[in-house]
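Visitor: Supplied in structure tokens, the structure appears directly below.
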Amino acid sequence: MVVRRPPGRRAQILAVAADRFHRSGYHQVSMTEVAAGVGITAPALYRHFRGKPELLDRAVRLGLDALAEALRAAGTTGEVGAALAAVAVGHRPLGTLVQRDARLLPPARRAALRRELRADVALMAAVLRGERPELSSSDAELLCWSALSVCAGLSYQSAAPQPRRAEALLRELVAAVLAVPLDGAAARPVTAPLAAPPAGPPTEARPQARREELLAAAVRLFHQRGFDNVSTDQLGAAVGISGPSVYRHFDSKAHLLAASLVRSRERLWHEVDGAIAAADGPGAALAAGLRAYVGFALRNGDYLGAMLSETERLAPPDRRAAVDFRRDFLRTWVGLLRQVRPEYDAATARIRVHALFALVNDGVRNRPHSGRPDLGDCLLRLGRAVLGVS
């Protein structure tokens with residue numbers, strides 16, 4: 001007897017895999033778990049896909065193909081917004097997969113992914129400049145990348161929002177972003193840190209200073225290469241010591257990762273919460289918090305990148321602490337935004353705040369626009385548009 005595979009089985013597998021990767025992180029998901037989610041055995045799963053790397057690649061490609069198809073049919077900025085919003089809601093894991101997990105793909109596939117996204121942005125920018133001919137190519141592309149980021153922010157919602165409502169709000173946010181004027185953006189520092197980190201001596205650093213150097217190097221290397229692709233020899237070389245000497249300061253590479261992310265959270269909270277607490281009234285506090293967050297991001301893109309991409313590699317207790325921080329940080333911003341805009345309900349405020357974080361976190365790490373001297377001012381303007389405040 002011939003056993004026929006159910007129609008659409010590959011699509012079903014990809015949907016389950018994308019959801020599992022999105023929720024738990026690529027490294028925490030096994031092929032057995034994906035197979036169980038589909039209702040088949042692991043050997044049956046391998047008849048469709050050779051392994052997890054192919055599953056991740058195909059899941060990302062499925063979402064990007066849907067995005068490209070939707071954008072090719074868009075002839076106005078309103079249609080661009082509708083396309084982005086529909087894909088963000090219909091393929092909610094895509095933002096997380098692209099921003100966090102796609103870095104684990106082979107170099108050739110990562111390069112192809114980047115080319116596909118640049119082609120999407122070029123389509124969007126052509127439509128935008130047709131309606132706003134005063135924009136330079138660079139400004140139009142920055143606005144379009146920002147619109148993509150805003151929609152990707154939906155991927156970081158812990159619970160799926162009501163689809164129609166989320167789609168309508170995302171269309172509104174994309175329209176607001178694409179309408180932001182960038183002329184006259186100032187090339188000036190957005191804000192300074194409340195307290196500078198301690199500087200180590202030029203030679204023979206003290207143990208505490210060496211520890212701080214390792215924390216900074218670890219954040220940078222883990223963000224740029226990924227936890228698994230960084231050795232203790234590379235970590236030691238980054239601060240001028242041997243690989244085994246790293247263990248004088250940290251018990252393991254995993255311990256170093258946990259400590260580096262704790263330090264990142266401490267600095268982020270110190271700067272942003274300090275700015276909010278020092279302001280007079282909710283409106284001033286929200287403006288000060290936005291400036292502090294953008295300023296922190298401009299100086300600490302590696303911190304934000306590592307917090308995004310490597311949290312899932314932490315041991316369970318450390319991962320819970322990181323997740324609790326994210327929730328508390330989000331709750332602070334949502335509460336503050338609702339004080340300023342009381343007409344926003346909690347769901348609306350959460351979508352807007354997630355969109356803001358994605359906008360800024362991507363903006364400071366997205367070459368070549370991350371090198372713009374006026375990027376800080378541009379992000380402030382875009383951030384205000386996303387939050388819906390003047």
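The values are calculated or read from the model by the stated rules, or taken from the named source; none is laboratory data. Only a predicted model underlies this, so the values are computations on that prediction, with no experimental measurement involved. Virtual Cβ from ideal backbone geometry, glycine too; neighbours counted across all protein chains shown. For accessibility, only protein heavy atoms count, side chains too; no ligands or nucleic acids. Shrake-Rupley method; radii C 1.70, N 1.55, O 1.52, S 1.80 Å.
Visitor: Which label marks the calculated value of Rg and Dmax of the Cα atoms in Å, given the options (i) 21.7, 76; (ii) 22.9, 71; (iii) 21.1, 69?
Guide: Matching entry in (i) 21.7, 76; (ii) 22.9, 71; (iii) 21.1, 69: (i).
Visitor: Something else now. Can you pull the percent of the stretch 203-283's accessible area that's carbon plus sulfur, 1.4 Å probe, other chains left in place?
Guide: Here it works out to 49 percent.
Visitor: Moving on. So what's the gap between the Cα centers of the stretch 220-237 and the stretch 109-166, to the nearest angstrom?
Guide: With the stretch 220-237 and the stretch 109-166 each reduced to a Cα centre, they are spaced 30 Å.
Visitor: With each run of n ≥ 4 DSSP H residues scored as -39500 (n - 2.57), what mean residue ellipticity at 222 nm is computed for the chain after dividing by its residue count and rounding to the nearest 500 deg cm²/dmol?
Guide: For the chain, the value works out to -22000 deg cm²/dmol.
Visitor: Then there's this: Rank these residues by their accessible area, most exposed first, probe 1.4 Å: Trp145, Trp333, Trp269.
Guide: Heavy-atom accessible area, descending, gives Trp269, Trp145, Trp333.
Visitor: Let me ask you something else. Can you pull a Stokes-Einstein diffusion coefficient for the stretch 6-130 at 4 °C (1.567 mPa s), Rh from Kirkwood over Cα pairs, as a whole number of µm²/s?
Guide: Result for D is 84 µm²/s.
Visitor: For a protection proxy built on the mean count of beta-carbon atoms within 10 angstrom, sort 282-289, 168-175, 237-244 highest first, please.
Guide: Sorting 282-289, 168-175, 237-244 by mean packing, highest first, produces 168-175, 282-289, 237-244.
Visitor: Return one whole number: the accessible area per residue of the chain in Å², for a 1.4 Å probe.
Guide: Heavy-atom accessible area per residue stands at 46 Å².
Visitor: Of all the accessible heavy-atom surface of the stretch 1-128, with the other protein chains kept in place and a 1.4 Å probe, what percent is carbon and sulfur?
Guide: Carbon-and-sulfur percentage of accessible area, whole number: 56.
Visitor: Can you tell me the dipole magnitude for the chain around its Cα centre, using point charges on the Cβ only (Lys, Arg +1; Asp, Glu -1), in Debye to the nearest 20?
Guide: I would put it at about 1040 debye.
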